[in-house]
Amino acid sequence: MHILFVCSGNVCRSVIAERLTRAYATEHGLSELTAESAGTRALVGYPVEPRAAAVISGLGGDPAGFRARRLCERMVVAADLILTMTEEQRDRASALAAGAAPKTFTLPEAHRIATLTGADTVARLDVFRDPSGTAGTPGIADPVGLSDRAFVEVGDRIAEALFPLLARLAPRLGGHPRPAAPGGGQRKA
């Protein structure tokens, strides 16, 4: 399964989710699980925002070597699952390629559907989607320009939605991981 994470600038939220997914896959031996990220208004070529990099490291991921990229049709087509931070980003990503809508969700939306219904595949997530098109849960706000604490809160919110979702999908990938963060789920000091 290849997951594409999408936010605005691709230097905070989506890269946090990407790097945490990569760490999760490594820790749980899920070689079939890959991740990348992009932004609808990406700061192309920029590295991870330093406070987002600290959050990634604190949650057990590796921020090294990242450069922001702009969302494009090729990325949408190649993804098995697209997880965005807001409904607006979800709608923009799904509009880039025919057939993308059934595999495109906000991260909180996918987490909520999986938690409430037990959905364990992308197709099942889509079946249980709210037909009104609303995510049913607030998006994940951009922490740029806010405090260090705001970055930590955004990272925690991403992790709290992401890890249980990955654990729900992982048995389909041949793994049986527990719903915890890489490194045992403890924020590193």
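The values are calculated or read from the model by the stated rules, or taken from the named source; none is laboratory data. Remember, predicted model here, so these are calculated numbers, not experimental data. Note: ideal-geometry Cβ built from the backbone for every residue, glycine included; neighbour counts use all protein chains shown. The protein model used for the area step is the full one, side chains on, heavy atoms only, and it has no ligands, DNA or RNA in it. Shrake-Rupley method; radii C 1.70, N 1.55, O 1.52, S 1.80 Å.
Points to keep in mind about this one:
- Charge dipole magnitude, Cβ of K and R +1, D and E -1 - the range 1-154, Cα centre, debye nearest 20: 300
- Placing a pseudo-label 7 Å from each Cα along the Cα-to-Cβ vector at ASP148 and CYS72 gives an inter-label distance of 3.8 nm.
- Three-way shape call for the range 1-55 based on the alpha-carbon gyration tensor, with the a/c threshold at 1.5: oblate
- Cα extents of the chain along the three principal axes, largest first (Å): 40, 35, 27
- Heavy-atom surface analysis with a 1.4 Å probe gives the range 40-104 a carbon and sulfur content of 57 percent of its accessible area.
- For the chain, the mean residue ellipticity at 222 nm estimated from helices alone is -12500 deg cm²/dmol, where every DSSP H run of n ≥ 4 contributes -39500 (n - 2.57) and the total is divided by all residues, rounded to the nearest 500.
- Prolate/oblate/rounded call for the range 83-127, Cα gyration tensor, a/c under 1.5 rounded: oblate
- Its residue count N sets the reference 2.2 N^0.38 Å, and the alpha-carbon radius of gyration of the range 1-93 equals 1.00 times that reference.
- Cβ-based charge dipole, the chain, positive-most Cα from VAL6, VAL127, HIS111: VAL6
- Equivalent-ellipsoid semi-axes for the range 70-178 (Cα gyration tensor, √(5λ), whole Å, largest first): 21, 19, 14.
- Inter-site label distance for THR134 and LEU116 at 7 Å from Cα along Cβ, in nm: 1.1
- Residue-normalised accessible area of the chain, expressed per residue, 1.4 Å probe, Å²: 44
- Prolate/oblate/rounded label for the range 52-101 (Cα gyration tensor, a/c 1.5): prolate
- Theoretical gain in end-to-end length, ASP62 to VAL44 [0.36 nm per residue, Cα-Cα removed]: 4.5 nm
- Burial ranking of peptide ranges 55-66, 140-151, 11-22 (average Cβ count within 10 Å, highest at the top): 11-22, 55-66, 140-151
- Of the DSSP H helices in the chain, those whose Cα atoms cover at least 30 Å axially and whose Kyte score averages 0.0 or more: 148-169
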